[in-house]
Amino acid sequence: MKHLGTKRVETERLILRRFTMDDADAMFRNWANDPEVTKYLTWPAHPSVEVSRMVLESWVSQYDDNAVYQWAIVPRDIGEPVGSIGVVHGRDEIAMVHIGYCIGKKWWQQGITSEALAALIRFFFEEAGMNRVESRHDPHNPNSGRVMKKCGMKYEGTMRQADINNQGICDFSEYGILAEDYFGGKQAEK
């Protein structure tokens, strides 16, 4: 495993890149201000663009640390961020990253989040040499679980009343994919 930081990752439809301070208005407008988008998240909808700006200041200031991974999801045809995807936490001793994501309602069910997550799974296994990529969701938000399944992650169980989000104390469903799953049982070539 080697930490590479938030490197630019491109797919057919998307550019996953570092946030800049110029993204505050798009962040606020496209997803962060919407209580429906943040319903099952751990942070509340932003009441103003100033809150989005403060979040971005925090993220941007951490980019010099190669163990920090926080991408803007930018569809090529739009040219501005419509969501975010990044590592919520990781464990170096087991070469694991836990990924969280959020995308504006206008872009739901278009395969954008699945495309972004699949690109990062590829990045973390093929470039960073991770052993495990995991994510989780509130079972009341099944579309998030479908994103994980579509990307080859396996359902590993549901923990009852083991988390908290904007709905209060909640269950969470855990998904994971191992390097051996991703590479089909073959060792990754470095």
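The values are calculated or read from the model by the stated rules, or taken from the named source; none is laboratory data. Keep in mind that what you see is a predicted model, and the values were worked out from it rather than measured. Neighbour counts run over all protein chains shown; Cβ positions are idealised from the backbone, glycine included. Keep in mind that these areas ignore ligands, DNA and RNA; they rest on the heavy atoms of the full protein, side chains included. Shrake-Rupley method; radii C 1.70, N 1.55, O 1.52, S 1.80 Å.
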Could you list, ordered by first residue, the pairs with Cβ atoms under 6 Å in which the first is in region 86-101 and touching a residue at least 60 places away in the same chain (Cβ under 8 Å) and the second is open to solvent by 20 Å² or more (accessible area, probe 1.4 Å), at least 6 apart or interchain? Gly86/Gln70; Ala95/Met1; Ala95/Asn131
Which of the residues belonging to region 27-52 are in a loop (DSSP other than H, G, I, E, B) and closer than 19 Å to Ile78 by Cβ? Asn33, Asp34, Val37
Odd one out for Tyr69, checked against (1) out of contact with any Ser or Thr (no Cβ under 6 Å at 6 or more places or on another chain); (2) of a type outside the set (A, V, I, L, M); (3) farther than 22 Å from Pro139 by Cα: (1)
Anything in region 140-159 that is over 14 Å from the mean Cα position of the chain (by Cα) and in contact (Cβ under 8 Å) with a residue 60 or more places away in the chain? List them, or say none. His140, Asn141
Taking region 58-71 and keeping only residues that are polar (S, T, N, Q) and crowded, with 19+ Cβ neighbours inside 10 Å, one is left with Gln70
Between a first residue in region 15-32 that is in contact (Cβ under 8 Å) with a residue 40 or more places away in the chain and a second residue that is of a type outside the set (Ser, Thr, Tyr) and assigned to a helix (DSSP H, G or I), which pairs have beta carbons less than 7 Å apart while being 6 or more apart in sequence or on different chains? Leu16/Ala116; Leu16/Ala119; Phe19/Leu56; Phe19/Trp59; Phe19/Val60; Thr20/Val60; Asp23/Leu56; Met27/Leu56
I'm trying to understand the selection: among the residues of region 55-76, which are touching a strand residue (DSSP E or B) at 6+ places or on another chain (Cβ under 8 Å) and not in a strand (DSSP E or B)? Trp59, Val60, Gln62, Tyr63, Ala67, Val68, Tyr69, Arg76
Selection status of Glu126, on the phi < 0 side of the Ramachandran plot, open to solvent by 70 Å² or more (accessible area, probe 1.4 Å) and touching a residue at least 24 places away in the same chain (Cβ under 8 Å): yes
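Here's the yes/no breakdown for (1) touching a Leu at 6+ places or on another chain (Cβ under 7 Å); (2) not aliphatic (A, V, I, L, M):
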site: Glu115; (1), (2): yes, yes
site: Arg122; (1), (2): no, yes
site: Pro142; (1), (2): no, yes
site: Gly145; (1), (2): no, yes
site: Gly152; (1), (2): no, yes
site: Ile169; (1), (2): no, no
site: Tyr175; (1), (2): no, yes
Val74: farther than 20 Å from Ile164 by Cβ, modelled with pLDDT of 95 or more, among the β-branched types (Val, Ile, Thr) and buried (at least 19 other Cβ atoms within 10 Å of the Cβ), yes or no? yes
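A quick yes/no check of all residues on (1) of a type in the set (Gly, Ala, Ser); (2) open to solvent by 50 Å² or more (accessible area, probe 1.4 Å); (3) at pLDDT 95 or above:
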position	(1), (2), (3)
Cys102	no, no, yes
Trp108	no, yes, yes
Gly111	yes, no, yes
Ser114	yes, no, yes
Arg132	no, no, yes
Ser135	yes, no, yes
Arg146	no, yes, yes
Lys149	no, yes, yes
Ile164	no, yes, yes
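May I ask you to list the residues in region 1-57 that are of a type in the set (A, V, I, L, M, F, W, C) and open to solvent by 60 Å² or more (accessible area, probe 1.4 Å)? Please lay out each step first, then the result.
First, the residues of region 1-57 that are of a type in the set (A, V, I, L, M, F, W, C): 1, 4, 9, 14-16, 19, 21, 24, 26-28, 31-32, 37, 41, 43, 45, 49, 51, 54-56.
Within region 1-57, Met1, Met21, Trp43, Met54 qualify.
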